[in-house]
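Okay, structure first, notes after.
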Amino acid sequence: MLLVKIPSAFFLALSAAALSACVTPQQLDIIEREQRTLRSQTSTSRGDLDSIRAGLADTSANVDQMRREINALKEKMEEVRYQLDRQIGRSTREGDQRIKDLEAKVGKVGEELKAQAGLLKQRDEEIRVFKEAMQARTTESAPPGAASDPRDRSSPESETGKKEYDEAWRLVERKDYRAAIPRLREFLKKHPNSGLADNAQYWLGECFYGLKEYDHAILEFDAVRRKYPKGDKVPAALLKQGFAFAELGDKVDARLILQELVDRFPQSEEAGRAKQRLKTLGS
């Protein structure tokens, strides 16, 4: 409640007027001046009161606006927290699934490696049996005093065979592999026991290797060690057979073949190259 202070002179004037039945003009002027002063002070007080009320209203509006903004910020923070929790949970689940997938792949590769090792062992056993059978057959069929090597380096066709071999070799040397392949096959068909047969068989594999037909090259190189296990081309055939497996992306068989070369022919030049290639293939 606003209290307005009224000048004491006004009360004195009123008291004097009440005591006197007649009011003089001077007294009337004084009363009017006091009234005008009172009205002016009252109007000023009301203006101040309205200003205070307006200021309070603006302050209240500002407080309400700030509350609304704070609530909006809280809602945004909750939304961000919710989205962050979802993202972290999804990333964790995806990471766990990837780990499980990798573990499954590693297990599968391990099983394949064991299977390949078993096949290699079985193949080596078959080769050993075949080699023993061939040696026994050669011993039984050879006449007394004959050499144990089935290749006849002094047979009548040796000169002709040498010429045919040289012609095929020149095609290989010129990298005319398509033309060399049938010439080498014809030589092996006509002179299977020639002293150059293992060389011809090896170069047949090299032709397919040069043509990037690695499947055929692997078979031809394998024939070198199966048909001519004592020939001097076996280390080279094993080396290129391992390289061919690597070119096909079969690192398991490539490592097995190259390791066999290192184990069987540790002092050979091919063994040194095999060791270098094994490092690039990994363990």
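For the range 165-206, build the charge dipole from Cβ charges (+1 Lys, Arg; -1 Asp, Glu) around the Cα centre, then report which of Gln201, Tyr165, Ala179 sits farthest towards its positive end. Checked the options; the winner is Ala179. Applying the Karplus relation 6.51 cos²θ - 1.76 cosθ + 1.60 with θ = phi - 60° to the range 190-196 yields 3J(HN,Hα) values of 7, 10, x, 9, 5, x, 9 Hz, where x marks Gly and Pro.
Once you list every other residue whose beta carbon is under 12 Å from the beta carbon of Glu247, what net charge do they have if Lys and Arg are +1 and Asp and Glu are -1?
Cβ neighbours under 12 Å give a net charge of 0.
What is the percent carbon and sulfur in the accessible area of the range 182-283, measuring with a 1.4 Å probe over the protein chains and ignoring ligands? That fraction is 49 percent. Near Gly282, within a Cβ-to-Cβ distance under 15 Å, what is the net charge of the other residues, with Lys and Arg +1 and Asp and Glu -1? For residues surrounding Gly282, the net value is +3.
Counting every pair of alpha carbons in the range 188-272, the share spaced more than 19 Å apart comes to 34 percent.
Applying the Karplus relation 6.51 cos²θ - 1.76 cosθ + 1.60 with θ = phi - 60° to the range 256-271 yields 3J(HN,Hα) values of 5, 5, 5, 5, 4, 4, 5, 6, 7, 10, x, 8, 7, 5, 5, 4 Hz, where x marks Gly and Pro. For the set Lys162/Lys230; Lys100/Lys212; Lys190/Lys279, the pairs lying more than 32 angstrom apart at their alpha carbons are Lys100/Lys212; Lys190/Lys279.
The values are calculated or read from the model by the stated rules, or taken from the named source; none is laboratory data. Predicted, not measured: the structure shown is a model, and the values here were computed from it. Backbone-built Cβ (ideal geometry, glycine too); neighbour counts: all protein chains shown. Note: accessible area is taken over every heavy atom of the protein model, side chains too, but ligands, DNA and RNA are not part of it. Shrake-Rupley method; radii C 1.70, N 1.55, O 1.52, S 1.80 Å.
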